1. If I filter the range 77-99 down to residues being of a type in the set (S, T, N, Q) and part of a loop (DSSP other than H, G, I, E, B), which single residue comes out as surrounded by the most Cβ atoms within 10 Å (Cβ to Cβ)?
2. Among the listed residues GLY19, GLY57, identify the single one that is assigned to a loop (DSSP other than H, G, I, E, B), over 28 Å from PRO209 (Cβ atoms) and over 19 Å from the mean Cα position of the chain (by Cα).
3. Quick test for you: out of ALA14, ALA74, ALA6, pick the one residue that is within 30 Å of ALA205 (Cβ to Cβ), surrounded by fewer than 21 Cβ atoms within 10 Å (Cβ to Cβ), touching a residue at least 60 places away in the same chain (Cβ under 8 Å) and among the hydrophobic types (A, V, I, L, M, F, W, C).
4. Has the range 122-132 got at least one residue that is touching a Ser or Thr at 6+ places or on another chain (Cβ under 6 Å), over 21 Å from HIS276 (Cβ atoms) and surrounded by fewer than 16 Cβ atoms within 10 Å (Cβ to Cβ)?
5. Identify the residue in the range 55-71 that is within 17 Å of MET89 (Cα to Cα) and free of Cβ contacts under 8 Å to residues at least 24 places away in the same chain and, among all such residues, is surrounded by the fewest Cβ atoms within 10 Å (Cβ to Cβ).
6. Hey, among the residues in the range 19-30 that are touching a residue at least 12 places away in the same chain (Cβ under 8 Å) and surrounded by fewer than 17 Cβ atoms within 10 Å (Cβ to Cβ), which one's nearest to ILE243 (Cα to Cα)?
7. Is the range 70-84 home to any residue that is touching a helix residue (DSSP H, G or I) at 6+ places or on another chain (Cβ under 9 Å), basic (Lys, Arg) and at pLDDT below 95?
8. If you scan the range 187-197, which residues turn out to be part of a helix (DSSP H, G or I) and either over 22 Å from the mean Cα position of the chain (by Cα) or farther than 14 Å from ALA222 by Cα (or both)?
Amino acid sequence: MPERYADRTRRMRAALTRGNPVVDLPLLQGFALTSTEIAGLQHTVCDYLWHSAFEFGVALDPPTGPDWFMRNAATLRKLPNVTPNGVVMPKIENTAAYNLLHHMVSSIVAKDLNPVEVAAVFAPINVRLVDGTPNAQVDARPRASTKVHSDIWAAEPSRSVTLFLTVMGDTDRTTVNFWEPKDFPAEYQCSMPDYLDGAPVTEGATPYPASFKNDLLLAMDAFCLHQTVKDGGGYRLSIDFRILYKRRLPTDAYFDTPRLQNYLPLPLWMGLGQSHMLVSRKSIKEFVPDVTLDAFASRFDVTGL
């Protein structure tokens, strides 16, 4: 374990308690999902996608799983609640379906998040539908996920870790690559208008082995550099969200960020879809301009049931 990141590795391992990792790297840990967890995710995420299409007047056959997703992915990717980076946003009309999906995700990770170490979790979770075909216009955006970056540069705090659930689709050619930077100086732990502004941190970074495979729970430290890869592959669907640690390390330097308003205390986040609901205040039919923001683009409220 490289000494420069040993404290970050220990903190990540203390926060996540799921068995032995199948990916074991200083800034990236991966754990196998069970067949029951995979089936539950595929069922509820397809239901969420179907409801999103239905509310916009797009008629699709009832969802059945990965085959249904691959048949309809091109249509789903064009829905108005899908961002350029592929996030299928919850809106007023698909709120109920979102909360069912959220409950499925929280049920899967509930036993894995150590409340002694985890302070809060980001909401909403990101359902990410990625087209493997390169798009010059989309991929040149200031914060395009196809650029090598850290989530810190998108205004996420330094003491956070991103969790990925790889659900279905092409993870061989429509994938995510990861790197370990030589160093991550405090002056680069901040929001960046363009991911290319962080180039000095990416220089000389060590590539990690291919790790973004289906049926995994991946945990990525905020210092881990990554990049969405579109190598002419098929569509891919994954879920990602961030957790906020209680402990601050000497290497953490970015704390006060507008994104903090979307982090919910762990017990409240776990209760969404069961005792509470996350509610959007924007319609699926509203146009959202493509602008670079540090704060999350949409407003969400939490209401009790």
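1. ASN94
2. GLY57
3. ALA14 is the lone residue from the list that is within 30 Å of ALA205 (Cβ to Cβ), surrounded by fewer than 21 Cβ atoms within 10 Å (Cβ to Cβ), touching a residue at least 60 places away in the same chain (Cβ under 8 Å) and among the hydrophobic types (A, V, I, L, M, F, W, C).
4. No, the range 122-132 contains no residue that is touching a Ser or Thr at 6+ places or on another chain (Cβ under 6 Å), over 21 Å from HIS276 (Cβ atoms) and surrounded by fewer than 16 Cβ atoms within 10 Å (Cβ to Cβ).
5. GLY57
6. That would be GLY19.
7. no
8. GLU187, TYR195, LEU196, ASP197
The values are calculated or read from the model by the stated rules, or taken from the named source; none is laboratory data. Because the structure is a prediction, the values reported are computed rather than measured. No Cβ is skipped: glycine too gets one built from the backbone with ideal geometry, and neighbour counts run over all protein chains shown.
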